[in-house]
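Visitor: The structure under discussion is supplied below as structure tokens; questions concerning it will follow.
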């Protein structure tokens with residue numbers, strides 16, 4: 001059930017119809033500062049920082065953090081759609097399940113295996129697809145395609161989970177893409193996913209991106225998200 005009055009987001013500025021969705025609120029701030037002219041805080045309630053400002057094409061663009069995991073992302077996305085968002089692009093991070101996806105690489109979700117509880121509760125099937133136009137635009141700007149699996153657990157005690165995901169064809173794992181695509185499908189809006197690889201999960205032990213490189217990767221994700229939105233707009 002939805003209501004046009006948001007409960008968790010407290011808008012303090014206009015919301016753009018197009019929204020970039022990092023998970024981390026600090027990444028939302030960094031991306032807003034890099035992409036927007038005169039960004040104004042759209043939301044700070046519950047630590048879910050969001051910003052709206054003028055993008056390079058002279059139109060409004062919003063950057064709104066979703067928090068961690070499908071349940072938080074679904075709440076934010078539902079309320080953004082209620083407030084008028086039409087195009088939503090996740091710019092998040094992921095772990096590589098196999099070689100060939102180096103740390104710092106950007107990947108575009110061509111399909112998402114939904115193994116999370118949120119998308120299942122929303123009635124989604126086992127496989128979700130992004131908006132074709134957004135995917136095509138993301139690939140056109142040079143982002144590498146990947147098959148993504150969404151899970152509920154960052155620290156997963158199941159020793160066979162990664163092997164099962166690999167056998168199913170997954171390349172990288174993250175926590176919010178399936179929830180975004182499931183909500184977008186249900187609500188009839190456009191959504192896509194661009195991810196930056198921060199962890200290598202296929203070796204002897206987890207190899208994580210240095211902390212000093214993480215903020216730069218977040219801005220790189222924002223730049224790619226903006227370029228994809230522009231490419232999609234030109235193709236329409």
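No value in this document is a laboratory result; all are computed from the given coordinates. Bear in mind that the values here come from a model prediction, so they are computed numbers and not experimental data. Glycine gets a Cβ as well: all are built from the backbone with ideal geometry, and neighbour counts include every protein chain shown.
Visitor: Taking N as the number of residues in the range 170-236, what is its Cα Rg relative to 2.2 N^0.38 Å?
Guide: Scaled against compact globular proteins, the figure is 1.38.
Visitor: Summing -39500 (n - 2.57) over the DSSP H runs of n ≥ 4 in the chain and dividing by its residue number, what mean residue ellipticity at 222 nm do you reach, to the nearest 500 deg cm²/dmol?
Guide: Helix contribution divided over all residues of the chain: -10500 deg cm²/dmol.
Visitor: Quick one: 40, 220, fewest Cβ neighbours within 10 Å first, how do they rank?
Guide: The order, fewest Cβ neighbours first, is 40, 220.
Visitor: If I fit a long axis through the Cα atoms of helix 25-35 and take the longest principal axis of the Cα atoms of the chain, what angle between them do I get, 0 to 90°, rounded to 10?
Guide: The helix 25-35 is inclined about 60 degrees to the chain.
Visitor: Set the Förster distance to 30 Å, then compute FRET efficiency between residue 54 and residue 211 from the Cβ-Cβ distance, nearest 0.05.
Guide: Working from the Cβ atoms, E equals 0.45.
Visitor: While we're looking at this one, here's another question. Kirkwood-based Rg over Rh for the chain (C-alpha set), two decimals?
Guide: Rg/Rh for the chain comes to 0.94.
Visitor: Need one number: convex hull volume per residue for the range 1-70, Cα atoms only, in Å³.
Guide: Values: hull volume 6.3 nm³, N = 70.
In the range 1-70, the Cα convex hull volume per residue is 90 Å³.
Visitor: A further question on this structure: Between residue 154 and residue 13, what FRET efficiency follows from the Cβ-Cβ distance if R0 is 41 Å, with the result rounded to 0.05?
Guide: Computed FRET efficiency for residue 154 and residue 13: 0.85.
Visitor: On a 0 to 90 degree scale, rounded to 10, what angle separates helix 177-187 from the longest Cα axis of the chain?
Guide: 50
Visitor: When only Cα pairs under 8 Å and 6 or more residues apart are kept, what is the percent relative contact order across the range 18-235?
Guide: 27
Visitor: A further question follows. Give the order of 60, 134, 36 when sorted by the count of other beta carbons within 10 angstrom, beginning with the fewest.
Guide: Taking fewest neighbouring Cβ atoms as first place, the list is 60, 36, 134.
Visitor: Counting only Cα, what are the radius of gyration and maximum Cα-Cα distance Dmax of the range 1-130, in Å?
Guide: 15.3, 45
Visitor: State the Cα centre-to-centre distance between the range 157-236 and the range 88-120 in whole Å.
Guide: 3
Visitor: Just the number: Rg to Rh for the range 94-170, Cα atoms, Kirkwood Rh, two decimals.
Guide: 0.98
Visitor: Separate question: Along the Cα-to-Cβ line of residue 5, 7 Å from the Cα, sits a label point; which residues in the range 76-103 have backbone N less than 18 Å from it?
Guide: Those under the cut-off are 79-84.
Visitor: Per the Kirkwood definition applied to all pairs of different Cα atoms, how many angstroms is the hydrodynamic radius of the range 116-236? Numbers along the way, then the final one.
Guide: Working: mean 1/r = 0.0632 Å⁻¹.
Here the Kirkwood hydrodynamic radius works out to 15.8 Å.
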